[in-house]
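Data first, discussion second: the structure below is written as structure tokens.
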Amino acid sequence: MKLRDLVGKIDFSLVQGDLNIEISDIFYDSRKCIKNSVFICLKGYYADGHNFIASALAKGASAVVISDNVQVDESITVIRVKDTREALAFMSAEFFGNPASQLKTVAITGTKGKTTVSCMIRTVLQKAGIKTGVIGTLGVIIDEKVIKTVNTTPESYEIQRFLRQMVDRGCKCAVMEASSLGLKWHRMDGFTFDDGVFTNFSMDHIGGNEHENMQEYLGCKALLFRKCKLGIINIDDENYRDILKDHTCDVETYGFSHDADIIAFNEKLISQSGYVGIHFETAGKENLNVNVDIPGKFSIYNALAAISVCRHFDVSENAITSGLNEVKVKGRIESVPVPGNYTLLIDYAHNALSMENILTTIREYRPNRLITLFGAGGNRPKVRRYEMGEVSGKLSDLSVVTADNSRNEDVMDIISDIEVGLRKTRGKFIVIPDRREAIKYCLSIAKDNDIIVLAGKGHEDYQEINGQRIHFDEREIVADILKELSEAR
């Protein structure tokens, strides 16, 4: 592809060189450049791509895209833009043939619920025969293959590459989690989404290398509604008007409010062995009876978001209701089959707030006992451990304290910190440092109508200990232990 074609949709100035040169690929990591590639100089918190131009040229790059003044050999084509991240997004879309134009695209933003809503949408659409790919926290899902990614919202080049793969494999829809940082850093530029979804907004991602304050955090999420054709909004969230500030899209709403386009009502808890979920009905633009095998009122909001998206596809009511009843979200209050009359859940909750949310939700189902297994991450603030211990001590009938990702810390030091919080409560607890043995203990003592929560790992399939990642998938561990216990009987 000629460089001239790659930059056709961006504002730029040609500093030197020829726009008619052939470009083999696009790179923003100088170490990966190849002959006749273009190197785009991104600025990050820790590194500035402008400092690695020499490395890119040594690898064979024949053009560079810059935002700062640089001195480059006159044989190299140099293009100046205002924002190199924005340029990367538009150039990547052109390089991969604008795959979003061949897909129905949905983006979901919000502090919580993005992963669950994306899985709900995919499950419903697939049930209706609409092949759907997903990009998000769980990785990139195409067919049944999962490609692991580092960020919830990958860099724009990777997004365009994955969209092209989806098109080539016959997908008709792509669903993406739109993180605030992904929106801030133009990772989702280069095309217009068909649907943008807002789930909710609360304190998160403030400080450090993320957002300066809540206002900036909210403002970044609001960017989505200037990048989509239809905005689907949780009208019950007090920030919904701010999310729609300066929006350029049509708007539909969902919630319990009677002003919503899709209204939820008549919610009821469902508690059966192995099924801890919720029932509700909808009115307005859709009239449905829905059961969701994920507990908590927030599951209604997530399901409403999915319904609001899926109704714009050619799907039956049965596909929507059966899809929502069957959906499983890896590591998000995920139920795991067990032979006894109790319930086992795996969840990603790894701080005090997320633990409090899930444990408070589970207590509403009035279990015989709520048993919570958890640890805490090493090389992280100690206050998190105190807070997690205190939350579990207050809300669990029994806390089983064990290892998580201890990283470079001694697991017993981490557990001692957790005990500080636990001892502020009257909650019973037991310490079993080996996580597999801790899980085995929970399964061996389970009684009828108990609910056991394995907290902290969620979708992760590893433990990080002493700088090494060791394979550790709790679903596999549970299956192995259940087999052991069965054979022992």
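Some values worked out for this structure:
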read-out: Rounded percent of accessible protein surface that carbon and sulfur make up, segment 77-178, 1.4 Å probe; value: 48 percent
read-out: Cut-off of 10 Å, at most 12 other beta carbons, DSSP loop: longest stretch of the chain lacking such chymotrypsin sites (Phe, Trp or Tyr not before Pro); value: 47-489
read-out: Considering only segment 124-200, percent of DSSP beta bridges that pair antiparallel, nearest 5; value: 60 percent
read-out: Cβ-defined net charge surrounding ILE481, 14 Å radius [Lys, Arg +1; Asp, Glu -1]; value: -2
read-out: Listed residue pairs exceeding 26 Å between alpha carbons, taken from LYS43/LYS104; LYS104/LYS285; LYS112/LYS148; value: LYS43/LYS104
read-out: For segment 268-287 and segment 428-465, distance of Cα centres in Å; value: 28 Å
read-out: Selection from GLN16, ALA303, TYR275 lying farthest towards where the dipole of the chain points positive, charges on Cβ; value: TYR275
read-out: Using distinct alpha-carbon pairs, which all enter the 1/r mean, Kirkwood radius of the chain in Å; value: 24.4 Å
read-out: Volume in Å³ per residue [convex hull over Cα atoms, computed for segment 324-409]; value: 116 Å³
read-out: Label-point separation, ASP259 to LYS285 (7 Å along Cα→Cβ), nm; value: 1.7 nm
read-out: Loop-located trypsin sites (Lys or Arg not before Pro) in segment 158-203, at most 13 other Cβ atoms within 10 Å (DSSP); value: ARG169
read-out: Simple Cβ-charge dipole of the chain, Lys/Arg +1 and Asp/Glu -1, about Cα centre, in debye nearest 20; value: 420 debye
read-out: Set of aspartates and glutamates near LYS428 by C-alpha distance (under 13 Å), chain-local residues within fewer than 8 positions excluded; value: GLU390, ASP397, GLU419
read-out: Distance (nanometres) between label positions extended 7 Å along Cα→Cβ at HIS471 and LYS483; value: 1.3 nm
read-out: Protein accessible area in segment 245-293, 1.4 Å probe - carbon and sulfur %; value: 42 percent
read-out: Nearest-ten-degree value, helix 352-363 long axis tilted from longest Cα axis of the chain; value: 40 degrees
read-out: All-pairs alpha carbon distance profile, segment 389-458, 5 Å steps from 0, percent; value: 3, 16, 27, 27, 19, 7, 1, 0
read-out: Ellipsoid semi-axes in whole angstrom, largest first, where each is sqrt(5λ) of the Cα gyration tensor of segment 367-489; value: 23, 20, 10
read-out: Dipole magnitude of segment 388-433 about its Cα centre (Cβ charges: Lys, Arg +1; Asp, Glu -1), debye to nearest 20; value: 300 debye
read-out: Angle between the chain longest axis and helix 84-95 axis [Cα atoms, degrees, rounded to 10]; value: 80 degrees
read-out: Two-decimal log10 I(q)/I(0) for segment 66-165, as the Debye equation yields it once each C-alpha is a single scatterer, q = 0.10, 0.12 Å⁻¹; value: -0.38, -0.51
read-out: Segment 222-299 - accessible surface per residue (Å², probe 1.4 Å); value: 46 Å²
read-out: Sites GLN102 and ASP73 - FRET efficiency at Förster radius 25 Å, r taken between beta-carbons, to 0.05; value: 0.05
read-out: Coil-residue trypsin sites (Lys or Arg not before Pro) of segment 46-136, DSSP, other Cβ within 10 Å capped at 12; value: LYS82
read-out: Candidate aspartates and glutamates for bridging to LYS131, where Cα separation is under 19 Å - those fewer than 8 sequence places away on the same chain excluded; value: ASP143, GLU144, ASP168, GLU177, ASP194, ASP195, ASP314, GLU317, GLU326
read-out: In nm, spacing of pseudo-spin labels at VAL251 and ASN318 (7 Å Cα→C-beta vector); value: 3.8 nm
read-out: Per residue solvent-accessible surface (Å²) - segment 422-474, probe of 1.4 Å; value: 52 Å²
read-out: Beta bridge orientation in the chain: antiparallel %, DSSP, nearest 5; value: 35 percent
read-out: Full-stretch length increase - ASP461, PHE12 - with 0.36 nm per residue and alpha-carbon distance subtracted; value: 157.2 nm
read-out: Sparsely packed trypsin sites (Lys or Arg not before Pro) within segment 282-321, loop by DSSP, other Cβ within 10 Å at most 16; value: LYS285
read-out: Residue pairs, from the table LYS328/LYS447; LYS447/LYS483; LYS245/LYS457; LYS145/LYS447, whose Cα atoms sit over 29 Å apart; value: LYS245/LYS457; LYS145/LYS447
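The values are calculated or read from the model by the stated rules, or taken from the named source; none is laboratory data. No experiment lies behind these values; they were computed from the predicted model shown. No Cβ is skipped: glycine too gets one built from the backbone with ideal geometry, and neighbour counts run over all protein chains shown. Note: areas computed on protein heavy atoms with side chains; ligands, DNA, RNA excluded. Shrake-Rupley method; radii C 1.70, N 1.55, O 1.52, S 1.80 Å.
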